[in-house]
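First the structure, in the form of structure tokens, and then the observations on it.
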Amino acid sequence: MNNPQLNKHGELQHLLSTEGLPSRILYDILDRASAFVDEAGHGEIKKVPLLHGKSIFNIFFENSTRTRTTFEIAAKRLSADVVNLNIGSSSSSKGETLLDTVDNLCAMHADMFVVRHAQSGAAHLIAKHVAPEIHVINAGDGRHAHPTQALLDMFTIRHYKKEFHNLRVAIVGDIIHSRVARSQIHALTTLGVPEVRVIAPKTLLPSHVEQLGVRVFHNMEEGLRDVDVVLMLRLQNERMQGAALPSAQEYFKNYGLTQEKLSLAKEDAIVMHPGPMNRGIEIDSSVADGAQSVILPQVTFGIAVRMAVMRLLAGDK
């Protein structure tokens, strides 16, 4: 079956999802990102002229300060020209279709689109529509995928744990509404993590989630025991319908990450979160700001990973 993300030579043409991507491409992105991180300079990201003259359009139909900003910084560190499209005041709010908007931007000589949209499949639709020389990066579509977030999570894990093949990783929280969780699971299993756990109440788990190759836990204490990495998720309140949760306080009691619960994981376990965090609901501040938290380095590494993806797509292969 053809993968719409790859060209006829098996090279990355678009980044739409971590699902179906071979491990060689995931490792290529992680390795390229490493080259942008100045390890001797406390993790600072170098500026390079690799995409000078390229035009990258950030088109965000959903708000996201962190993702949009890191994509913008990444493109500028590569010396690309960046255009941030304000969808709220654009023609799309006046009835212009998504593809009409894209066609007009293509006429402005866009080389790459970074797309965030509330509808699953929006980035795939654009990728099928544009000319072969134009590349599309999915910056989050509905509940479907958020591949660069998963890749920066993989980079962070490898940075602190060195290898994937001997890890036990737990993903905790609102799995059913999370495009991040889906992308994390596909990336972790492709990179050879032997045990991926998901920890959540039944109301926040997709049906048949075990088919993705994960172990399911409803009890957080059991699920965290002896894990190397804890990936917390944001509660997607804006996507919930009905009473998925009894109360925020009850959720924190059972599924919020505290120092006491974290003590069940390995002593050198790291704690991650894609942000923005709901402190006191998903995670206690003492953990978020504690010695095992690598939440802020995740953000910095995200710039390098997004640079690597853009370079791979728009630069040499």
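The values are calculated or read from the model by the stated rules, or taken from the named source; none is laboratory data. Computed from a prediction, not measured in an experiment: that's the story for all the values here. For neighbour counting, all protein chains shown are included, and Cβ atoms are generated from backbone atoms with ideal geometry for every residue, glycine included. To get the accessible areas, we keep the full protein, side chains included, count just its heavy atoms, and leave off ligands, DNA and RNA. Shrake-Rupley method; radii C 1.70, N 1.55, O 1.52, S 1.80 Å.
Structure notes:
- The H on the amide N of Ala139, modeled in the peptide plane, is under 5 Å from the matching H of Val115, Arg116, each at least 5 residues off or on a different chain.
- Cα shape, the range 247-289, gyration tensor, a/c 1.5 rule: oblate
- Prolate/oblate/rounded label for the range 111-258 (Cα gyration tensor, a/c 1.5): oblate
- Counting 0.36 nm for each residue step from Lys162 to Asp289 and taking away their Cα separation leaves a gain of 43.4 nm.
- ³J(HN,Hα) computed for each position of the range 256-267 - Karplus, 6.51 cos²θ - 1.76 cosθ + 1.60, integer Hz, glycine/proline x: x, 8, 10, 4, 4, 5, 5, 5, 7, 6, 4, 4
- Listed values for the range 107-119 are Karplus-derived 3J(HN,Hα) couplings in whole Hz (6.51 cos²θ - 1.76 cosθ + 1.60, θ = phi - 60°), namely 5, 8, 6, 6, 9, 7, 10, 10, 10, 10, 8, 6, 8, and x replaces Gly and Pro.
- Cα gyration tensor shape of the range 12-86, rounded if a/c is under 1.5, else prolate or oblate by comparing a/b with b/c: oblate
- Stretchable slack from Met277 to Glu133, in nm (0.36 nm times residue separation minus alpha-carbon distance): 48.1 nm
- Its DSSP H runs of at least 4 residues, each contributing -39,500 (n - 2.57), put the calculated 222 nm mean residue ellipticity of the chain at -10500 deg cm²/dmol, to the nearest 500.
- Length gained on full extension, Gln259 to Arg225: 10.9 nm, using 0.36 nm per residue less the C-alpha separation.
- Mean separation of Cα contacts under 8 Å, 6 or more apart, over the residue count of the chain: relative contact order %: 21 percent
- For Met112, nonlocal amide neighbours, meaning residues 5 or more places apart or on other chains whose placed amide H falls under 5 Å from its own, are Ser55, Phe57, His135.
- Ligands, DNA and RNA are left out, and with a 1.4 angstrom probe the accessible area of the chain is 44 Å² per residue.
- Label-to-label distance, His208 versus Tyr27, with points set 7 angstrom from Cα along the beta-carbon direction: 3.2 nm.
- With 21 Å as the limit on Cα-Cα distance, the pairs of Lys202/Lys253; Lys161/Lys266; Lys162/Lys261; Lys161/Lys253; Lys46/Lys76; Lys8/Lys128 that go past it are Lys162/Lys261; Lys161/Lys253.
- Among Asn58, Asn138, Asn278, residue whose mean-square fluctuation peaks in a GNM of the chain (springs only between Cα atoms under 10 Å): Asn278
- Computed from phi, the 3J(HN,Hα) profile of the range 148-158 under the Karplus parametrisation 6.51, -1.76, 1.60 (θ = phi - 60°) reads 6, 5, 4, 5, 5, 5, 5, 4, 5, 4, 5 Hz, with x in place of Gly and Pro.
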